[in-house]
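The values are calculated or read from the model by the stated rules, or taken from the named source; none is laboratory data. Only a predicted model underlies this, so the values are computations on that prediction, with no experimental measurement involved. All Cβ positions, glycine included, derive from the backbone under ideal geometry; neighbour counts span all protein chains shown.
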Amino acid sequence: MYLKEFDKQQLATLRQWCGEARHVVLLSHMNADGDACGSLLGMTLQLDHAAANAISISPILPNSCPRNFLWLPQSHRILSGEKERMRCEQLIAEADLIFCLDINSSSRTDFLQDALRNAKGHKVLVDHHHNPAVDEFQLIYSDPEISSTCEYVVWLSQALWGDQYFNADVARCLYTGLRTDTGGFAFSCSQPSCFEAAAQLVAFDINPADIHNHIANTFTVNRMQFYGFAISQRLEIYPSKQTALFAFSLDDQRRFGVDDEDMEGLVNYTLMMSDIQIGALLREKEGRTKISFRCKSGDVNILAQQLGGGGHTKAAGATCTMSFADTLHSVKKLLGVLNLQPVAPLSESYSHTALHQDQDKERLSNKE
Ligand SMILES: [Mn+2]
């Protein structure tokens, strides 16, 4: 049975802060993923009981809860910094206890970072990214060896309160982050503790198949057609460098009416090819380009850092304000594929008709 070691004095302090807090805020990062939403809500639901003297408990995301995670218990409580900036900034300023989840620094909260930095309340970090900004928080629970922030919340809340505030809703939230941050228990889960946490959560009679459907089987027709276009027309494959990349201009995205949420996960398709070790995805936005890196071996965090970004060893990202073309040039240079010719994409005209014509020709030549 896994038992994470925690400093007893720090636990006592945090337990006391939770018990005494009048206004609690929970915050996670811009463009929240399953781990951000799951840890935010999993912690909120426990604090509903653990923070017995709290008048308000406010989970906040810089932008809204993604459509994919609106099914999570109590997701309606999540406040959107984008939609209610003044209210969120005021809540952050007035909070006497602030939990920062799945971020390693205030800057990950984007336009809320000044409010967070200036806040007077106790700040507690719970996270699994590298290089936490140690000066910005009074208590730091950070471990890059742990699969997900949701897993961390499992161990931390058990150390704080035992199982008393766990229930099926909490378990659904936390299992979601465990599942999404490990790609369905495929990566970042080499520690047995990840599976032990999952086992404990499943014991609360949650339905993993149901959660899988909520997370994975959510495509719209537009999104599916965009994926077809992406793979046939916008996937550059460089076998000699074991590298593949997608690059989407604003026009590409408008043509199919897709947004960031629709492109979430597409970068992982690069690694579905057995010979590919590193994949990248570039998305042009207004005045900037967002880049995501993934790898099976090696370290893409180093690549992302060279573009001013960061993340994990196997999954990292950056945002560049250069033109889309210049960003693509820089990324290709970093990946060592700048002057290489990618495997030719399937042509637009390579349709069913073209295939039949080829077969007809073949039949004719066979006759001769
Ligand atoms: Mn995470």
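Key figures for this structure:
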| read-out | value |
| --- | --- |
| Set I57, I98: member being more than 23 Å from the chain's Cα centre (by Cα), more than 16 Å from the ligand (Cβ to nearest atom), assigned to a strand (DSSP E or B) and touching a residue at least 24 places away in the same chain (Cβ under 8 Å) | I57 |
| Residue list for the range 171-212, filter: part of a loop (DSSP other than H, G, I, E, B) and within 21 Å of the chain's Cα centre (by Cα) | T182, G183, G184, F185, A186, F187, S188, C189, S190, Q191 |
| Helices (runs of 4 or more DSSP H) within the range 255-344 that include 1 or more residues within 27 Å of S105 (Cβ to Cβ), touching a Ser or Thr at 6+ places or on another chain (Cβ under 7 Å) and hydroxyl-bearing (S, T, Y) | 324-335 |
| Residue within the range 157-176 that is surrounded by fewer than 24 Cβ atoms within 10 Å (Cβ to Cβ), within 16 Å of the ligand (Cβ to nearest atom) and of a type outside the set (A, V, I, L, M) present | no |
| Evaluation of N68 against (1) within 16 Å of the ligand (Cβ to nearest atom); (2) at pLDDT below 95; (3) assigned to a loop (DSSP other than H, G, I, E, B) (one fails), failing number | (3) |
| The range 75-100: number of residues that are farther than 26 Å from I140 by Cα and not charged (D, E, K, R) | 2 |
| Subset of the range 135-162 (residues that are in a loop (DSSP other than H, G, I, E, B) and farther than 18 Å from T44 by Cα) | F137, Q138, D143, P144, E145, I146, S147 |
| Criterion violated by N31 - all others in (1) modelled with pLDDT under 95; (2) touching a strand residue (DSSP E or B) at 6+ places or on another chain (Cβ under 6 Å) satisfied | (2) |
| Residue that is farthest from the ligand (Cβ to nearest atom), among those in the range 15-44 that are among the aliphatic types (A, V, I, L, M) and surrounded by fewer than 24 Cβ atoms within 10 Å (Cβ to Cβ) | M30 |
